[in-house]
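Note sheet for the following structure.
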Amino acid sequence: MNKKQKQSGFSHLMIISIILAVGLVGTLGFVFYQNFIQKKDSTVGNASTNSQNVDGKTTGTVSTTTNTTTPTATTKSTSTTTATPANSNAGYLVLSDWGVKFKLPTTLGSNKVTYYKEQADGGYYAFSTTRVEALGERCSNSSAEGFMPLGIVSRSTTKADFYASATLIGQIDGYYYVYSSTQDNCSGADLSAQTQDTASIQTMLMGAVKN
């Protein structure tokens, strides 16, 4: 009887020991998980966020927000584009045979410059505008009475070839260029238009440059 009681007591002691050991292991495991496993996970998460920020900077996109959204990468093109040269004669009236050009006046608006080459007296160019030519009479190049342009440009290799009323524009490629006008109105109609357009044509012609 005593032997059975001793065996039963020993069995109970073993069971209690096992329960205590399991409880101790469980407790240690929980503490280990709290102190080491979660801390490691937190460190890994922070490293991932920093990596995203670094990747964002290498693409040239820097986000100033504090959310965890992954930055959108900016695609950089490596192709090259050949620029098309600008037309140096844009906005100019060009006299190709003389190798000169004139800056078109902006004061004319939709009014256009008209010009004609005359062969008399060694050759010259006569200039007017569509608005003034529309007045008819001697303002029109087709006038039977003789065309009276708003301005004339002539050129010569010597200054002595010009009459006194001509105004020297300048020397371009060995030629002296001069400006002159008819002085009189080509029509009795719309004198204001004739005056305005004459001034615009004069400004244009006096700015002659090499083409």
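Just so you know, all these numbers are worked out from the coordinates, no wet-lab data involved. Small disclaimer: the values here were computed from a predicted structure and weren't measured. Ideal geometry is used to build each Cβ from the backbone, glycine not excepted, and the neighbour counts take in all protein chains shown.
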Report summary line: Expected sort for 183-192, 97-106, 26-35 on mean C-beta neighbours within 10 Å, highest first, is 97-106, 183-192, 26-35
Report summary line: Counting only residues 5 or more apart in sequence or on a different chain, those whose built amide H sits under 5 Å from that of TYR179 are THR167, LEU168, ILE169
Report task. Rounded to whole Hz and in sequence order, give me ³J(HN,Hα) for the range 133-138 from the Karplus expression 6.51 cos²θ - 1.76 cosθ + 1.60, θ = phi - 60°, writing x for Gly and Pro. Result -> 5, 5, 6, x, 6, 7
Report task. Determine the gain in length on full extension of the stretch LEU104-SER143; use 0.36 nm per residue of separation and subtract their C-alpha separation, reporting nm with one decimal. Result -> 11.5 nm
**Report entry** In Hz, Karplus ³J(HN,Hα) per residue of the range 149-157 (6.51, -1.76, 1.60; θ = phi - 60°; x = Gly, Pro)
**Finding:** x, 7, x, 9, 10, 10, 8, 7, 7
Requested in this report: Using a 10 Å cut-off on Cβ atoms, rank the peptides 13-20, 140-147, 196-203, 172-179 from the highest mean neighbour count down.
Outcome: 196-203, 172-179, 140-147, 13-20
Query - Label zone at MET206 (point 7 Å along Cα-to-Cβ), backbone N below 18 Å, the range 164-191 - result: 164-172, 177-184
Requested in this report: Name the long-range amide H neighbours of ASN211: under 5 Å, sequence gap of 5 or more, or other chain; modelled H, no Pro or chain starts.
Outcome: VAL100, LYS101
**Report entry** 3J(HN,Hα) from dihedral phi, the range 195-201, Karplus parametrisation 6.51/-1.76/1.60, rounded to Hz, x for glycine, proline
**Finding:** 5, 5, 6, 5, 5, 5, 5
